[in-house]
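The values are calculated or read from the model by the stated rules, or taken from the named source; none is laboratory data. This structure is a prediction, so every number in the text was calculated from the model and none was measured. No Cβ is skipped: glycine too gets one built from the backbone with ideal geometry, and neighbour counts run over all protein chains shown. The accessibility values were calculated without ligands, DNA or RNA, using every heavy atom of the protein model including side chains. Shrake-Rupley method; radii C 1.70, N 1.55, O 1.52, S 1.80 Å.
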Amino acid sequence: MADPSSYRPKPGQIPDSPGVYKFRDEHGRVIYVGKAKSLRQRLANYFQDLAGLHPRTRTMVTTAAAVEWTVVSTEVEALQLEYSWIKEFDPRFNVKYRDDKSYPYLAVTLNEEFPRVQVMRGAKKKGVRYFGPYGHAWAIRETVDLMLRVFPVRTCSAGVFKRSAQIGRPCLLGYIGKCSAPCVGRVSAEEHHELAEEFCDFMAGRTGAYIRRLERRMQEAAEEMEYERAARLRDDIGALKRAMEKSAVVLADATDADLIAVAEDELEAAVQIFHVRGGRVRGQRGWVTDKVEAVTTSGLVEHALQQLYGEERGDAVPKEVLVPALPEPVEPIAQWLSERRGSQVSLRIPQRGDKKDLMATVGRNAQQALALHKTKRASDLTTRSRALEEIAEALGLDAVPLRIECFDISHLQGDDVVASMVVFEDGLARKSEYRRFQIKTFQGQDDVRSMHEVIGRRFKRYLQEKQKSGEWTEEPAGNAPADGTGVNGSGVTPDTGVTPGSGPVTALADDLEMDPLAGRPTDEDGRPKRFAYPPQLVVVDGGAPQVAAARRALDELGIDDVAVCGLAKRLEEVWLPEDDDPVVLPRSSEGLYLLQRVRDEAHRFAITYQRSKRTKRLKSSPLDAVAGLGDTRRQALLKHFGSVKKLRAATVDEICEVPGVGRKTAETVAAALAGAAPSAPAVNTATGEIIEDDGAPPAALSAERGQER
């Protein structure tokens, strides 16, 4: 525990201007980010007598080892920079709202030639119009089913659309009148796009004028004695009214607003948001957070606004945002919201009328969400604590393993050998710490040797980070392992190229293939580093040989404070280094359940990576190696000739006939294909057909999956 006076800035060193500050721990990791109108006044509050600080603030300043700041021009810039840093550094002492599900949206892909209505989750895409979020996907589908009668917009996938266009026959929805069938030319692209725009207008709340227009057309049809058309319009009106009834009017003035309510206690807080468009509730979502910092209701509201609108632009930010308490000060956050919308945004507390009543309803939802969360979490915390205690007792550990790392090897009959590392902290998966490896020091199938290499590379990175921070002063041991995967005959470590004892251990940057969802760089700015934090327990997928290899890799590096065990699949036995007999945990043991979850997650992550590498390899083409040939012209060549085999037999003049391919490029392609020897024909084991050399069909991949590990 650090003394805040040891890193307190000197008097007069802190500027008296707006800015954003960061507290770092002894490892250089950013643990808290905050903003201030006056950095000098705000930071002075952290360095007062510890007895006068809030317990959570006291924990933060004693965990920190340094503080730094960045000066900005305005409070709005400080707000934007604070949001960016919280998102980038993921500081442990900042309020972060979390949710256990991804909310579905009703999406209209207006960026396509023939827009499609569908349910979408996850990140929003440019050119797509979103409505929601909804609590359940079935609620979207019920609404869409009613509206397709009036707005028969395409809902089929790209594959179904393309197939219907090829055979000249629409799908079932086209026959029953719930799709305008643009795939077979019943409507033009412009007419279908206009239909999608009308669908969006109706969903956005502009309902009254459209229904009145339908009623007028129904009356005209009846007067002209076109009773079938009049009956059709009558049914359309009924369908739209039923769709509107699913979201009752809550604000009579057709307001576009978001209502945010907070329910909190000493430890946690729940936030509920109602999205009201055109006076109707069009979506709802909720978050829960731990109060890891000393924060008021105003602060919780500010954090919720940052998370809710930090990635939004335009109409996604409504004209009016109603909150239970205003951030302090309110002007910067109101200006920030207005800039994101592009027009004035009203941020206020409802005082009377329908809006105040609706806010009370949102507040009751927040209270219920907090109560439900606490009930679930109490049970979950008890279970995870018991599981960690059982593991510590069974393995003879001095303390419960708060950080567990599990490693697994995956390959297909010795090809595409890869490894995975997954991390569980406090019994929960921490996916941002997952890592993936390629086995590089040898070829072929050898799980023991692969495990030794991976463990060695992971902990060499850990020692490297400790050396950078000055925490590690001893040189790692350089004894060569028996299997030859450590130090080679020249005294050089194969995967690092460094002679042990000659200086700090350094690993090549390309030793590691990062998870794309978690790949944040290693640097001195406090970003989460790749291997900076050691586990208390290393779990390997396997029995005694794999455990021995992992222990040997750690011993060679001089690491003796990390426990190692293995979980064998056959009988779910736990193996320890140098023990002849395994540890057998009861089948009902929570500790065994946790180890199984960790092992299964490592296996899933490894096999996913291995499959992706194999897919890329099987889909590779000789054209990939042609310099200056991009995807567009490569696809044009394959489309023109049909396969690489036919392209290889073509002359330079025939290749020049492909649009966009000049003579120089044609000569390069011909020379590259002539130099690349054709591979032996592959056979699809599912059908027995010969596969052309322009790629393997999916069935070939499916047949191989039964042989992969």
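Quick look at the values:
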quantity: The listed residue being buried (at least 16 other Cβ atoms within 10 Å of the Cβ) and under 30 Å from Asp258 (Cα atoms), out of Leu412, Leu388, Leu370; calculated: Leu370
quantity: Boolean, Arg604 is within 30 Å of Phe407 (Cα to Cα), at pLDDT 80 or above and open to solvent by 60 Å² or more (accessible area, probe 1.4 Å); calculated: yes
quantity: Qualifying position, being out of contact with any strand residue (DSSP E or B) (no Cβ under 6 Å at 6 or more places or on another chain) and under 28 Å from Asp201 (Cβ atoms), among Glu328, Glu302, Glu339; calculated: Glu339
quantity: Candidate set from segment 103-145 (those that are within 18 Å of Gly174 (Cβ to Cβ) and hydrophobic (A, V, I, L, M, F, W, C)); member that is surrounded by the most Cβ atoms within 10 Å (Cβ to Cβ); calculated: Val117
quantity: Filtered residue count, segment 393-412, keeping only those that are among the β-branched types (Val, Ile, Thr), closer than 16 Å to Phe424 by Cα and in a strand (DSSP E or B); calculated: 1
quantity: Selection count, segment 38-62, where residues are polar (S, T, N, Q), closer than 19 Å to Tyr7 by Cα and either modelled with pLDDT of 90 or more or open to solvent by less than 30 Å² (accessible area, probe 1.4 Å) (or both); calculated: 2
quantity: Residues (among the small types (Gly, Ala, Ser) and part of a helix (DSSP H, G or I)) located in segment 124-148; calculated: Ala137, Ala139
quantity: Members of segment 422-446 that are open to solvent by less than 30 Å² (accessible area, probe 1.4 Å) and acidic (Asp, Glu); calculated: Glu433
quantity: Pairs where the first residue, in segment 260-280, is closer than 18 Å to Val295 by Cβ and the second is among the basic types (Lys, Arg) and surrounded by 22 or more Cβ atoms within 10 Å (Cβ to Cβ), C-beta under 9 Å, 6+ apart; calculated: none
quantity: Condition check for Glu339: touching a residue at least 12 places away in the same chain (Cβ under 8 Å), more than 27 Å from Lys291 (Cβ to Cβ) and surrounded by fewer than 17 Cβ atoms within 10 Å (Cβ to Cβ); calculated: yes
quantity: All helices (runs of 4 or more DSSP H) inside segment 637-709 with 1 or more residues being at pLDDT 75 or above; calculated: 644-649, 652-656, 663-675
quantity: Any helices (runs of 4 or more DSSP H) falling wholly within segment 149-216 and containing at least 3 residues that are without any contact (Cβ under 8 Å) to a residue 24 or more places away in the chain and charged (D, E, K, R); calculated: 189-203
quantity: Output for segment 530-565, where each listed residue is in contact with a Lys or Arg (Cβ under 6 Å, 6 or more places away or on another chain) and at pLDDT 85 or above; calculated: Pro535, Gln536, Asp541, Val564
quantity: Residue among Glu339, Glu390 that alone is assigned to a helix (DSSP H, G or I) and in contact with a Ser or Thr (Cβ under 6 Å, 6 or more places away or on another chain); calculated: Glu390
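Conditions (1) touching a Gly at 6+ places or on another chain (Cβ under 6 Å); (2) of a type outside the set (S, T, N, Q); (3) closer than 21 Å to Ser188 by Cα, marked per residue:
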site	(1), (2), (3)
Gln118	no, no, yes
Lys124	no, yes, no
Val128	no, yes, yes
Leu146	no, yes, no
